[in-house]
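Okay, handing you the structure first.
Bear in mind that the values in this text are calculations on the coordinates, not laboratory data. Fair warning: this is a prediction, and the values are worked out from it, not measured in the lab. Please note: Cβ atoms are built from the backbone with ideal geometry, for glycine as well, and neighbour counts cover all protein chains shown.
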Amino acid sequence: MVTLQYQTYGSPGKSAVVLLHGLLGSSTNWSSIGRQLAASYYVLVPDLRNHGNSPHIDGMTYTEMTEDLLGLLEQERITQATLVGHSMGGKLAMRFALLAPHRVRALGIVDVCPVTYQHTFDHYFDLFASIDLTRVRCRDDAQQQMVAAGVEEVMQFFLLQNLRKTTTGWAWRINLAALKSGLPDITGFDAPLGYRYDGKTWVIYGAESDYVLPEYGATLSAYFPHVVQQPIAGAGHWVHVDQPQQFMQTLQSFLQAGCDSN
C-alpha cells in the first residue's frame, strides 16, 4: 500500500464523495467538479499511485490500488463513501465496491465497464516518449511539440497536466514505465463473477464512446443488479471534458439519488 496524495473540497462531516481519475490523469482533472460539489459534500480527489504527486512505485494492479484507496478512507476516518471514477478510476471504484460493499454508499462509473478492453494506449506512451524535454523551457514549448505531432487541442491540455518543473528541468509526473508494464492489469478486470454490489449504481457514459456497449450489459447487471445507464449525447470517452454542463447535471442527479436519499 502507498499513501496517496489528495485534494479535498467542502467540510468533513458531510457525505463523503471520492472522485477517481483515469489512466494518465490526476486529481487536477476533477478540480472544477470538486469545487462545484463542495457546498453539499466532502469531496476527496486523490492522485492514484504512479500519477500526480502520489508515490511512483512498481506495481499497478487493481488489488494494489484497492488497498491504497482503503488506506485513504481509513486515514480520513470515513466509514462509507460514494465513489465516482472515470475509466481506470471507474474500474477501481467497481472493484472496491464488489470487495467492500459496506464501505460504498453509492457507485458512479464514468465511461467504463467491468470487462477486458483491447485498447493498448501505445500512441499515448509513444507521444510522451517523443517529447524532447531537454528542449522545453516553458510549458508552451512542450505544447508546440504536441501541435507538430498532430495532437488535438483537448488532448494537449489533458497530457500537459502531467508536465512539471523540477530543480533539474521539466519532467513528467507520471511513472511511464510502471504504467506501461501495468497495462494488462489496467485494461483488464480481475473481480470474479459471483461478487455483487447491491447499492445504487449509475454508469454515465459518452454516447459516442466505445467503452460502454450493449453487449456489456449482462456483465454489468451481474455485478451491479441495480445499475442505471445514463448516456451523454455529444460526448466520447472523456465525458466530463466533452460535455461538462450535461455531465455535471447528471452527476448531481446521481448524487441526489445515491447519497441524499439514503
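If packing is taken as the mean number of other Cβ atoms within 10 Å per residue, what is the order of 70-78, 197-205, highest first? Before the final figure, lay out each step's value.
Working: 70-78: 14.6, 197-205: 22.0.
So the peptides 70-78, 197-205, ranked by packing, come out 197-205, 70-78.
What lysines could a cross-link reach from residue 91, if we take a straight Cα to Cα line under 29 Å and drop same-chain neighbours fewer than 8 places away?
14, 180, 200
If packing is taken as the average count of other Cβ atoms within 10 Å, what order do 249-258, 37-46 fall into, highest mean first?
Highest to lowest by the protection proxy: 37-46, 249-258.
Dimensions of the range 115-262 along principal axes (Cα, Å, largest first)?
Principal axes ranked by extent give 52, 34, 29 Å for the Cα atoms.
Mind listing the long-range amide H neighbours of residue 20? Cut-off is under 5 Å, sequence gap 5 or more, other chains count too, H placed in the peptide plane at 1.01 Å from N.
The answer is 84, 85, 86.
Moving to a separate point now. Given +1 on the Cβ of Lys and Arg, -1 on the Cβ of Asp and Glu, and no further charges, what dipole in debye does the range 122-179 carry about its Cα centre, rounded to the nearest 20?
Dipole size: approximately 380 debye.
Turning to a different aspect of this structure: For the chain, report the % of Cα-Cα distances exceeding 25 Å.
Considering the chain, 42 percent of its Cα-Cα pairs are separated by more than 25 Å.
Pull out a ≥ b ≥ c, the square roots of the eigenvalues of the alpha-carbon gyration tensor of the range 66-174, then state rounded if a/c is under 1.5, prolate if not and a/b is larger than b/c, and oblate in the remaining case.
Numbers: a/c = 3.20, a/b = 1.94, b/c = 1.65.
Prolate, since a/c reaches 1.5 and a/b exceeds b/c.
Normalised by the number of residues in the chain, what is the relative contact order in percent for Cα pairs under 8 Å and 6+ residues apart?
About 19 percent, as a whole number.
A follow-up question, please. With springs connecting C-alpha atoms under 10 Å apart, model the chain as a Gaussian network and identify which of 25, 89, 13 has the largest mean-square fluctuation.
Highest fluctuation of the listed residues: 13.
More than 13 angstrom separation, counting every C-alpha pair in the range 122-179; what % is that?
That tail contains 58 percent of the Cα-Cα pairs.
Among 129, 114, 83, flag the residue with its Cα farthest along the positive direction of the charge dipole of the range 73-150, charges on Cβ as +1 for Lys/Arg and -1 for Asp/Glu.
The one lying farthest along the dipole's positive direction is 83.
Short version: ³J(HN,Hα) in whole Hz for each residue of the range 14-31, in order, from phi by Karplus 6.51 cos²θ - 1.76 cosθ + 1.60 (θ = phi - 60°), x for Gly and Pro, what are they?
Taking θ as phi minus 60°, the curve returns 7, 4, 7, 10, 10, 9, 10, 7, x, 4, 6, x, 6, 4, 4, 4, 9, 4 Hz for the range 14-31.
Another question, then. For the chain, what proportion of DSSP beta bridges, expressed in % and rounded to the nearest 5, is antiparallel? Don't skip to the answer; put the middle values down first.
On the way: 8 of 34 bridges.
If I count the DSSP bridges inside the chain, around 25 percent turn out antiparallel.
Percent antiparallel among DSSP beta bridges with both residues in the range 138-262, to the nearest 5?
Roughly 35 percent of the beta bridges in the range 138-262 run antiparallel, per DSSP.
Could you identify which residue out of 209, 130, 54 has the top mean-square fluctuation in a GNM of the chain using Cα springs shorter than 10 Å?
Largest GNM mean-square fluctuation: 130.
How large is the helix-only mean residue ellipticity at 222 nm for the chain, computed as the sum of -39500 (n - 2.57) over DSSP H runs with n ≥ 4, divided by its residue count, in deg cm²/dmol to the nearest 500?
Mean residue ellipticity, 222 nm, calculated: -10000 deg cm²/dmol.
Here is a further query. How big is the charge dipole of the chain about its Cα centre, in debye rounded to the nearest 20, if each Lys and Arg gets +1 on its Cβ and each Asp and Glu gets -1 on its Cβ?
Roughly 720 debye for the chain.
Residue-wise, which Karplus ³J(HN,Hα) couplings in Hz belong to the range 177-189, taking 6.51 cos²θ - 1.76 cosθ + 1.60, θ = phi - 60°, and x for glycine or proline?
Computed from phi, the couplings for the range 177-189 are 5, 5, 5, 5, 6, x, 4, x, 6, 5, 7, x, 8 Hz.
Just how large is the dipole of the range 1-145 about the Cα centre, in debye to the nearest 20, putting +1 at every Lys and Arg Cβ and -1 at every Asp and Glu Cβ?
540 debye
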